[in-house]
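Okay, so here's the structure we're looking at.
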Amino acid sequence: MTYFESVNKIQFEGAASKNPFAFKHYNPEEVVGGKTMEEQLRFSIAYWHTFTADGSDPFGAGTMQRPWNKYSEMDLAKARVEASFELYEKLGAPFFAFHDRDIAPEGSTLKETNENLDVIISMIQDYMKTSNVKLLWNTANMFTNPRFVHGAATSSNADVFAYAAAQVKKGLETAKLLGSENYVFWGGREGYDTLLNTDLKLELDNLARFLQMAVDYAKEIGYDGQFLIEPKPKEPTTHQYDTDAATTLSFLRQYGLDSHFKLNLEANHATLAGHTFEHELRTARINGMLGSVDANQGDPLLGWDTDEFPTDLYSTTLAMYEILQNGGLGRGGLNFDAKVRRASFEADDLFLSHIAGMDAFAVGLKTAQRLIEDKVFENAIADRYSSYASGIGLDIVEGRADFRSLEKYALENSKIQNRSGRQEALKAVLNQYLIGN
Ligand code: XLS
Ligand code: NI
Ligand code: NI
C-alpha cells in the first residue's frame, strides 16, 4: 500500500534546481569535513509531529489531510507505521524517533496499553529488518494523559510515580528490542506552577531517584544506548525543572548522575530560555555533554514552543559549528522535532517541510566547515585573549599568580589598554561565508 503516491524518492539536484521535491544542498554522499553529509547530519523524523498530530490548536480542530485519516484505533496505528517507513525511505532519512503513545493507542488498563504497544513494536521491528532506517531515540509520553496532571516522577501522588516507572521500564525494553541509539527524558510536566503547594526538595529528589532507577534498569537488561535529558524552561509548567543546559547539568552533578546522561538540545527550547541555540550547544559541548539535537526553530514574535521547521541559515550554521567542533554528535542526531503549520495541511507538505529543514542544515554544515577550516573565529578569539598567552596572563592561567602578585603588577602597570571586540566585523565575515555557499 502506498500513502504518498505523488511523491517519488527525493533526489539531490543542486542549488540551481527549481524542483520543490528535490534537495538543493543536502547531498547525502557528499563528503564534508571527512564524513558524508548523511553521517554528519544524522537526520531523524519525529513520529509525533509527522504521523500522529492532527493540527488542532487551542482555538480549533485538526486540519491535517492525511491518507491514514480513514482508519481508527489499532488500524490507524498500523497505517501510520506503513506510511512512516514510506516517508523515511523517500526522504532518505536514516533515523526516526517516537513517544510510546505516538505509535499505539492507550487501552483501558496499563496491561492493555502494553499489549497494543507490543503489536505495533513488532510491526516496526519487522520493517526495520528490511530497511536501513534506525531508531534515533524513543521516549515515554508522561504528560498527555490526565493522570500526569501533577507531573510524573515529580507528581505529589506516589501512585503516579509508580505508573511512570512502569512506563519507562517498558520504554527501555522497547529501546533494547529496537536497538535505539538513545533514550530521551523530556520532563513533560516535571515542574511546578506555585510554591504554595509544592515540596520543591522532595520533587527534585524524586526526579533524581527516578532517573537512577532508569539507569539501574537499563544496566540490568543490558540496554547500552545513550541516556539524554532534554531541557526546556517553561510550558507546560511555569517552572520546568530541566530549564536549560546549565541548570540540567548542575542537577545531574548534584545527584551524581552526570556520567550516565548527555543533553538533547532543542533550538526552540533554547530561545524560550532566553538563550541562543548555539549558547545551549556550546554550554553542553564544553562540558562534554552534547548528545543530540531537536532541530527546529521558534517564532521570535511568539512566546511558546512553535516547533517550526528550521530554515534560518544563520542559526543552522552556528549550530553546525558547535556540532563539528564537538567532533560530531556520536550516537545522537538532528531530530526534526518540528511540525508543519496548521495551514500547511496537505500530505505533500510533510515532504516539502523536511526538505526545507534538511537543506538548511546542509548549508549550515558546509558553511560551518569552511569557517572552521579557515579558523575564522578561532583566530579572532586567540587574538582577543592573547593577553593570557604570555606574561601576567600566562601566570594567571598556569596558577602562578595570587592576589599579592596581581596587586604588585596592577600597581606598577599604570596604563590599561583594551582593544575592540569587533563583533560587527565578525558578523560581516559570517555573512560573506553564508553568501559564498
Ligand atoms: C516538547 C518536547 C518533546 C520532546 C520529546 O516540547 O520538545 O517533543 O522532544 O518528548
Ligand atoms: Ni523536543
Ligand atoms: Ni519542544
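Any read-out appearing in this document is the output of simple, stated calculations on the displayed coordinates, not a laboratory observation. Fair warning: this is a prediction, and the values are worked out from it, not measured in the lab. Glycine gets a Cβ as well: all are built from the backbone with ideal geometry, and neighbour counts include every protein chain shown.
Some values worked out for this structure:
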quantity: Sum of -39500 (n - 2.57) over DSSP H runs of 4+, divided by residues of the chain (222 nm, nearest 500); calculated: -14000 deg cm²/dmol
quantity: Within straight-line cross-link reach of residue 169, lysines at Cα separation under 23 Å, skipping those fewer than 8 residues along the same chain; calculated: 111, 134, 219, 262
quantity: Two-site FRET efficiency, residue 433 against residue 126, from Cβ-Cβ distance with R₀ of 30 Å, rounded to 0.05; calculated: 0.10
quantity: Cut-off under 5 Å, modelled amide H: who pairs with residue 12 long-range; calculated: 23
quantity: Length-normalised contact order of the chain in % [C-alpha pairs under 8 Å, at least 6 apart]; calculated: 15
quantity: Gyration tensor verdict on segment 384-428 (Cα atoms; rounded if a/c is under 1.5, prolate if a/b is larger than b/c, oblate otherwise); calculated: oblate
quantity: Cα point-scatterer Debye curve for segment 307-399, base-10 log of I(q)/I(0) at q = 0.14, 0.18, 0.19, 0.22 Å⁻¹; calculated: -0.66, -0.87, -0.92, -1.05
quantity: FRET E, pair residue 247, residue 397, Förster distance 41 Å, beta-carbon r, rounded to 0.05; calculated: 0.90
quantity: DSSP beta bridge pairing in the chain, given as percent antiparallel to the nearest 5; calculated: 15
quantity: Whole-Å semi-axes of the ellipsoid equivalent to segment 172-323 (Cα gyration tensor, √5λ, descending); calculated: 25, 21, 14
quantity: Distance histogram for segment 145-240 (every C-alpha pair counted, 10 angstrom bins, percent rounded to whole numbers); calculated: 16, 47, 29, 7, 0
quantity: Cβ-placed point charges (K, R +1; D, E -1), dipole of the chain about Cα centre in debye, nearest 20; calculated: 800
quantity: Distant-in-sequence amide H partners of residue 226 (H built 1.01 Å from N, under 5 Å); calculated: 182, 183
quantity: HN-Hα J in Hz across segment 228-244 - Karplus 6.51, -1.76, 1.60, θ = phi - 60°, x for Gly and Pro; calculated: 10, 10, 10, x, 7, x, 7, 6, x, 8, 5, 10, 6, 5, 8, 4, 8
quantity: Global form of segment 37-104, assessed from the alpha-carbon gyration tensor, a/c cut-off 1.5; calculated: prolate
quantity: Peptides 223-233, 359-369, 335-345 ordered by average Cβ neighbours within 10 Å, highest first; calculated: 359-369, 223-233, 335-345
quantity: Mean Cβ neighbour count within 10 Å, used as a protection proxy, ranking 294-300, 213-219 highest first; calculated: 294-300, 213-219
quantity: Calculated from backbone phi, Karplus (6.51, -1.76, 1.60) coupling profile of segment 183-197 in Hz, x at Gly/Pro; calculated: 10, 9, 10, 9, x, x, 9, 7, x, 8, 9, 9, 6, 4, 10
quantity: Ranking of 290, 411, 211 by count of other Cβ atoms within 10 Å, fewest first; calculated: 411, 211, 290
quantity: Ranking of 253, 101 by count of other Cβ atoms within 10 Å, fewest first; calculated: 253, 101
quantity: Sum of side-chain charges, residue 366 neighbourhood, beta-carbon under 15 Å (Lys, Arg +1; Asp, Glu -1); calculated: -4
quantity: Exposure proxy ranking, count of Cβ atoms within 10 Å, fewest first, for 37, 289, 358, 1; calculated: 1, 289, 37, 358
quantity: Compactness of segment 74-136, expressed as Rg and Dmax over alpha-carbon positions, Å; calculated: 12.0, 38
quantity: Per residue, the convex hull volume that the Cα atoms of segment 290-345 enclose (Å³); calculated: 89
quantity: Antiparallel content of DSSP bridges confined to segment 126-282, in %, to 5; calculated: 15
quantity: Rounded if a/c under 1.5, otherwise prolate or oblate - the chain, Cα gyration tensor axes; calculated: oblate
